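First up is the structure itself, then whatever we jot down about it.
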Amino acid sequence: MIAGVPLYSGFMYAAVGSYLCQAWRRFDLRITGYRAIPMAILAVAAYANFFTHHWIWDLRWLIALLFVAAMWGTWVHYSLGATRLRMPLAIAFVLIGFFLWVAENMGTFLGAWRYPDQEAFWQAVHMGKLGSWALLVTLSLRHRRHPEAVRGHLLRSPRRRRDGHAPAVGMRRTLP
C-alpha cells in the first residue's frame with residue numbers, strides 16, 4: 001500500500017480500458033451522431049477538474065450534465081447474436097458506471113481495500129462515485145474513439161458490414 005491505496009487498485013482502472021476494447025470487438029460496437037469537438041473539450045475539462053477540484057469548486061456534476069447534452073442524439077449500436085440493437089450513449093455510460101460502482105462495493109465489502117469512512121464498519125461507497133466511474137468511461141471512450149475514427153472503424157458508412165449483417169439502424173455520420 002502507498003498512502004492507504006493498494007498497489008493493485010490501478011488494475012480496476014485498467015480493467016475499464018480492457019472492458020471497452022473487449023466490448024468493442026465482441027459486441028461490434030459502433031457509434032452514430034458523435035460530436036467530437038464538444039466531447040474533446042469536455043474531456044479536457046473533466047481531466048482538469050480531477051486535479052483542480054481540491055483547490056477550486058468541484059465541477060464534476062456540471063461537466064457530467066454538459067456531457068449528457070453533448071451526447072444527446074448519440075447512439076451506441078451493438079450486436080447480440082444476429083440481432084442489431086442500439087441505445088443512447090449516455091445511458092450506456094451510466095449503466096457501465098453503475099456496474100463499476102457495484103464492483104467497487106463488492107471489493108470493499110470483501111476487504112480488498114477500504115476507504116477511510118469504512119474503517120469502523122462497512123458501508124456502501126458513496127453514490128457520487130457512480131458519477132465518477134461514468135465520467136471515467138466517457139473519457140476512456142474518447143481515448144478509444146480517436147484511433148478507431150482515424151482508421152475508419154468507429155463510424156462506418158451505411159453499407160453492409162464484413163460479416164454480411166445490415167448496418168446499424170439510423171447511421172447518419174461517416175468519416176471520409
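Just so it is clear, none of the values below were taken in a lab; they were calculated from the coordinates. Small disclaimer: the values here were computed from a predicted structure and weren't measured. So basically every Cβ, Gly included, is an ideal-geometry build from the backbone, and we count neighbours across all protein chains shown.
If only the Cβ of Lys and Arg carry +1 and only the Cβ of Asp and Glu carry -1, the dipole of segment 37-131 around its Cα centre is close to 360 debye. Couplings for segment 94-105, taken from phi via the Karplus curve 6.51 cos²θ - 1.76 cosθ + 1.60 with θ = phi - 60°, read 5, 5, 4, x, 4, 5, 5, 4, 4, 4, 5, 5 Hz in order; Gly and Pro are left as x. Ranking of Met39, Met71 by neighbouring Cβ atoms within 10 Å, starting from the fewest: Met39, Met71. Remark: segment 108-124, residue by residue, has Karplus-estimated 3J(HN,Hα) of 6, 5, 7, x, 4, 7, 9, 8, x, 6, 10, 5, 6, 7, 6, 9, 4 Hz, where x stands for each Gly or Pro and the curve is 6.51 cos²θ - 1.76 cosθ + 1.60 at θ = phi - 60°.
By the count of other C-beta atoms within 10 Å, a proxy for reagent exposure, Trp72, Trp24 are ordered fewest to most as Trp72, Trp24.
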